[in-house]
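Below: one structure, written as structure tokens.
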Amino acid sequence: MAPQGSKLYHYTTESAYSRMVQSGHIRPSTNITTDAVLGQGVYLTQLPPSECNARIISNNWDNGEDIRKYFINQYMEKVEVCIEFDLKDLPGVKIYSGRRDIAVHRGSINLKQVPHKVHHRSQYERGNNDSGSSDDSCCVVM
């Protein structure tokens, strides 16, 4: 997907976020066999925290699987926390075009140096869609 906005988001679990706060860094994904399909780095997206869970999960962790409800539920905790960055604060980040909205920052992101905002997604009632619905029926493929 071509650059659309000036914000990028990193999604994670509450427990992983706690470890990031302790270390002061978001460490890069390094397993290119099972996780980092575009190489080592911190993976981000332009999908905001107000987007529905199913859309974020299928974008960020599709693993080539057919997206079904069991798959969405398996990954639900991975979108508990969203860390928001301004694109201008992440020099060298590469935004990839294709069917998924993915950007990769090579190396770790120093949370003590890079300005960011944190969204605990429970405030979005599982990620409201534009219609105001609080369920994920907007994008779950059954």
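The values are calculated or read from the model by the stated rules, or taken from the named source; none is laboratory data. What you are looking at is a predicted structure, and each value in this text was computed from that prediction instead of being measured. Positions of Cβ are backbone-derived with ideal geometry, glycine not excepted, and every protein chain shown enters the neighbour counts.
A few remarks follow.
- Identity of the residue in the stretch 108-122, among the charged types (D, E, K, R) and outside any strand (DSSP E or B), that ends up modelled with the highest pLDDT: LYS112
- Any hit, the stretch 27-34, residues being under 17 Å from GLU80 (Cβ atoms) and under 13 Å from the mean Cα position of the chain (by Cα): no
- The residues of the stretch 68-109 that are closer than 15 Å to ARG121 by Cβ and of a type in the set (Ser, Thr, Tyr) amount to a single one, TYR75.
- LYS88 vs. criteria basic (Lys, Arg) and modelled with pLDDT of 85 or more: yes
- Qualifying positions in the stretch 96-107 - at pLDDT below 95 and part of a strand (DSSP E or B): TYR96, ILE102
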